[in-house]
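Undergrad: Sharing a structure with you now.
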Amino acid sequence: MIAAHTTLLIGLYQWLFGRYGVFVTSLPEGTSVMKDKFFRFFWVEHPTGMIIAIILITLGYGMAKKVVSDETKFKKAFWYFLIALLVILVTVPWPFRQIVGRPIFPGMH
Ligand code: HEM
(Lines give C-alpha, C1' and ligand atoms only; values in the text may rest on other atoms or scores of the structure.)
Protein backbone atom coordinates (compact mmCIF):
# COMPACT_ATOMS: atom_id res chain seq x y z
CA MET A 1 0.00 0.00 0.00
CA ILE A 2 2.80 2.39 0.95
CA ALA A 3 4.87 1.32 -2.07
CA ALA A 4 1.89 1.80 -4.43
CA HIS A 5 1.18 5.31 -3.17
CA THR A 6 4.82 6.35 -3.11
CA THR A 7 5.13 5.18 -6.71
CA LEU A 8 1.95 7.07 -7.54
CA LEU A 9 3.41 10.34 -6.22
CA ILE A 10 6.73 9.86 -8.01
CA GLY A 11 4.85 8.88 -11.17
CA LEU A 12 2.58 11.91 -11.02
CA TYR A 13 5.62 14.15 -10.65
CA GLN A 14 7.39 12.51 -13.60
CA TRP A 15 4.26 12.64 -15.67
CA LEU A 16 3.69 16.37 -15.16
CA PHE A 17 7.19 17.79 -14.65
CA GLY A 18 9.61 14.98 -15.53
CA ARG A 19 11.95 14.61 -18.48
CA TYR A 20 8.94 14.20 -20.79
CA GLY A 21 6.47 15.89 -18.46
CA VAL A 22 3.17 17.05 -19.90
CA PHE A 23 3.80 20.61 -18.63
CA VAL A 24 7.43 20.89 -19.69
CA THR A 25 7.67 19.09 -23.03
CA SER A 26 6.28 20.05 -26.38
CA LEU A 27 5.34 17.33 -28.81
CA PRO A 28 7.48 16.89 -31.94
CA GLU A 29 6.27 19.01 -34.84
CA GLY A 30 3.34 17.61 -36.83
CA THR A 31 2.17 14.88 -34.49
CA SER A 32 -0.31 14.43 -31.66
CA VAL A 33 -0.22 12.51 -28.38
CA MET A 34 -2.27 9.59 -29.61
CA LYS A 35 -0.37 9.34 -32.91
CA ASP A 36 3.08 9.25 -31.34
CA LYS A 37 3.69 5.80 -29.82
CA PHE A 38 6.25 7.10 -27.31
CA PHE A 39 4.12 9.93 -25.94
CA ARG A 40 0.96 7.89 -26.04
CA PHE A 41 2.69 5.33 -23.84
CA PHE A 42 4.26 7.68 -21.28
CA TRP A 43 1.48 10.26 -21.22
CA VAL A 44 -1.57 7.99 -21.50
CA GLU A 45 -1.14 4.21 -21.38
CA HIS A 46 1.42 3.87 -18.59
CA PRO A 47 -0.19 6.41 -16.21
CA THR A 48 -3.72 5.06 -16.87
CA GLY A 49 -2.65 1.44 -16.33
CA MET A 50 -0.68 2.22 -13.18
CA ILE A 51 -3.43 4.39 -11.68
CA ILE A 52 -5.96 1.58 -12.29
CA ALA A 53 -3.55 -0.88 -10.66
CA ILE A 54 -3.06 1.39 -7.64
CA ILE A 55 -6.84 1.80 -7.27
CA LEU A 56 -7.20 -2.01 -7.31
CA ILE A 57 -4.43 -2.38 -4.71
CA THR A 58 -6.22 0.17 -2.52
CA LEU A 59 -9.55 -1.67 -2.89
CA GLY A 60 -7.88 -5.02 -2.14
CA TYR A 61 -6.28 -3.54 0.95
CA GLY A 62 -9.63 -2.07 2.02
CA MET A 63 -11.18 -5.56 1.71
CA ALA A 64 -8.89 -6.89 4.43
CA LYS A 65 -10.54 -4.53 6.94
CA LYS A 66 -14.15 -5.46 6.16
CA VAL A 67 -16.16 -7.43 8.69
CA VAL A 68 -16.75 -10.50 6.55
CA SER A 69 -15.33 -13.98 6.88
CA ASP A 70 -11.59 -14.32 6.35
CA GLU A 71 -12.17 -16.62 3.45
CA THR A 72 -14.37 -14.11 1.60
CA LYS A 73 -12.08 -11.16 2.14
CA PHE A 74 -8.86 -12.93 1.22
CA LYS A 75 -10.48 -14.39 -1.87
CA LYS A 76 -11.66 -10.96 -2.96
CA ALA A 77 -8.37 -9.27 -2.08
CA PHE A 78 -6.54 -11.96 -4.04
CA TRP A 79 -8.42 -11.07 -7.23
CA TYR A 80 -7.90 -7.34 -6.79
CA PHE A 81 -4.17 -7.87 -6.26
CA LEU A 82 -3.86 -10.36 -9.10
CA ILE A 83 -5.56 -8.06 -11.62
CA ALA A 84 -3.44 -5.12 -10.36
CA LEU A 85 -0.30 -7.19 -10.91
CA LEU A 86 -1.35 -8.11 -14.44
CA VAL A 87 -2.12 -4.48 -15.32
CA ILE A 88 1.29 -3.45 -13.93
CA LEU A 89 3.07 -6.17 -15.93
CA VAL A 90 1.30 -5.06 -19.10
CA THR A 91 2.04 -1.33 -18.70
CA VAL A 92 5.69 -1.46 -17.55
CA PRO A 93 8.17 -0.18 -20.19
CA TRP A 94 9.99 -3.53 -20.31
CA PRO A 95 13.41 -3.55 -22.02
CA PHE A 96 12.09 -5.80 -24.80
CA ARG A 97 9.30 -3.37 -25.75
CA GLN A 98 9.77 -1.48 -29.01
CA ILE A 99 10.02 2.33 -28.81
CA VAL A 100 9.02 2.69 -25.14
CA GLY A 101 11.31 0.00 -23.65
CA ARG A 102 13.79 1.04 -20.95
CA PRO A 103 16.94 -0.86 -19.94
CA ILE A 104 16.93 -2.85 -16.67
CA PHE A 105 20.18 -1.14 -15.63
CA PRO A 106 20.18 2.35 -17.18
CA GLY A 107 23.61 3.45 -18.30
CA MET A 108 25.01 -0.10 -18.55
CA HIS A 109 25.47 -1.17 -22.14
C1 HEM B 1 2.86 0.68 -9.85
C2 HEM B 1 3.15 1.84 -10.35
C3 HEM B 1 4.24 2.17 -11.37
C4 HEM B 1 5.29 1.41 -11.83
C5 HEM B 1 5.67 -0.03 -11.45
C6 HEM B 1 6.00 2.23 -12.78
C7 HEM B 1 7.14 1.85 -13.49
C8 HEM B 1 7.89 2.65 -14.30
C9 HEM B 1 9.15 2.30 -14.95
C10 HEM B 1 9.83 0.95 -14.81
C11 HEM B 1 9.57 3.37 -15.67
C12 HEM B 1 10.85 3.49 -16.50
C13 HEM B 1 11.97 4.07 -15.67
C14 HEM B 1 13.28 4.07 -16.45
O15 HEM B 1 13.54 5.02 -17.19
O16 HEM B 1 14.04 3.11 -16.33
C17 HEM B 1 8.58 4.42 -15.51
C18 HEM B 1 8.66 5.68 -16.10
C19 HEM B 1 7.66 6.60 -16.05
N20 HEM B 1 6.50 6.53 -15.30
FE21 HEM B 1 5.94 4.99 -14.11
N22 HEM B 1 5.37 3.46 -12.89
C23 HEM B 1 4.29 3.45 -12.05
C24 HEM B 1 3.38 4.46 -11.85
C25 HEM B 1 3.33 5.62 -12.61
C26 HEM B 1 2.27 6.62 -12.52
C27 HEM B 1 1.05 6.51 -11.60
C28 HEM B 1 2.61 7.59 -13.43
C29 HEM B 1 1.90 8.87 -13.79
C30 HEM B 1 0.81 9.35 -13.24
C31 HEM B 1 3.86 7.23 -14.06
C32 HEM B 1 4.52 7.98 -15.01
C33 HEM B 1 5.75 7.67 -15.56
C34 HEM B 1 6.47 8.51 -16.51
C35 HEM B 1 6.01 9.85 -17.07
C36 HEM B 1 7.67 7.85 -16.82
C37 HEM B 1 8.79 8.34 -17.76
C38 HEM B 1 9.72 9.22 -16.98
C39 HEM B 1 10.95 9.67 -17.76
O40 HEM B 1 11.58 8.86 -18.42
O41 HEM B 1 11.30 10.84 -17.66
N42 HEM B 1 4.27 6.02 -13.54
N43 HEM B 1 7.57 3.96 -14.67
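Undergrad: What does the net charge come to around G62 if you take all other residues with beta carbon closer than 14 Å to its beta carbon, with K and R at +1 and D and E at -1?
TA: +4
Undergrad: I would also like to ask the following. Under a 1.4 angstrom probe, counting protein chains only, how are F39, F96, F81 ranked by accessible area, largest first?
TA: F96, F81, F39
Undergrad: What is the spin-label model distance, in nm, from E45 to E29 if the labels are put 7 Å beyond Cα along the C-beta direction?
TA: 2.7 nm
Undergrad: A77: net charge of surrounding residues, Cβ under 15 Å, Lys/Arg +1, Asp/Glu -1, itself excluded?
TA: Taking every other residue near A77 into account, the sum is +3.
Undergrad: For segment 46-76 and segment 81-96, compute the distance between their C-alpha centroids and round to whole Å.
TA: 16 Å
Undergrad: Two decimals is fine: what is log10 I(q)/I(0) at q = 0.09, 0.13, 0.22 Å⁻¹ for the chain, from a Debye sum with one equal scatterer on every Cα and no solvent?
TA: -0.32, -0.60, -1.21
Undergrad: Still on this structure: Add -39500 (n - 2.57) for each DSSP H run of 4 or more in the chain, then divide by its residues: what number comes out at 222 nm, to the nearest 500 deg cm²/dmol?
TA: -17500 deg cm²/dmol
Undergrad: Within the chain, which trypsin sites (Lys or Arg not before Pro) sit in a loop by DSSP and count at most 12 neighbouring Cβ atoms inside 10 Å?
TA: R19, K35, K65, K66, R97
Undergrad: Could you tell me which residue out of H5, L27, I57 lies farthest along the dipole of the chain toward its positive end? Charges go on the beta carbon: Lys and Arg +1, Asp and Glu -1, centred on the Cα centre.
TA: The residue sitting farthest along the positive end of the dipole is I57.
Undergrad: Enumerate the calculated ³J(HN,Hα) couplings along segment 86-96 in order (Karplus 6.51 cos²θ - 1.76 cosθ + 1.60, θ = phi - 60°), each rounded to whole Hz, writing x wherever the residue is Gly or Pro.
TA: Once θ is set to phi - 60°, the couplings for segment 86-96 become 5, 4, 4, 4, 6, 9, 7, x, 3, x, 7 Hz.
Undergrad: Probe 1.4 Å, all protein chains in place: accessible area of M34 in Å², nearest 10?
TA: Solvent-accessible area, nearest 10 Å²: 110 Å².
The values are calculated or read from the model by the stated rules, or taken from the named source; none is laboratory data. Since the model is a prediction, treat every value here as computed from it, not as a measurement. No Cβ is skipped: glycine too gets one built from the backbone with ideal geometry, and neighbour counts run over all protein chains shown. Note: accessible area is taken over every heavy atom of the protein model, side chains too, but ligands, DNA and RNA are not part of it. Shrake-Rupley method; radii C 1.70, N 1.55, O 1.52, S 1.80 Å.
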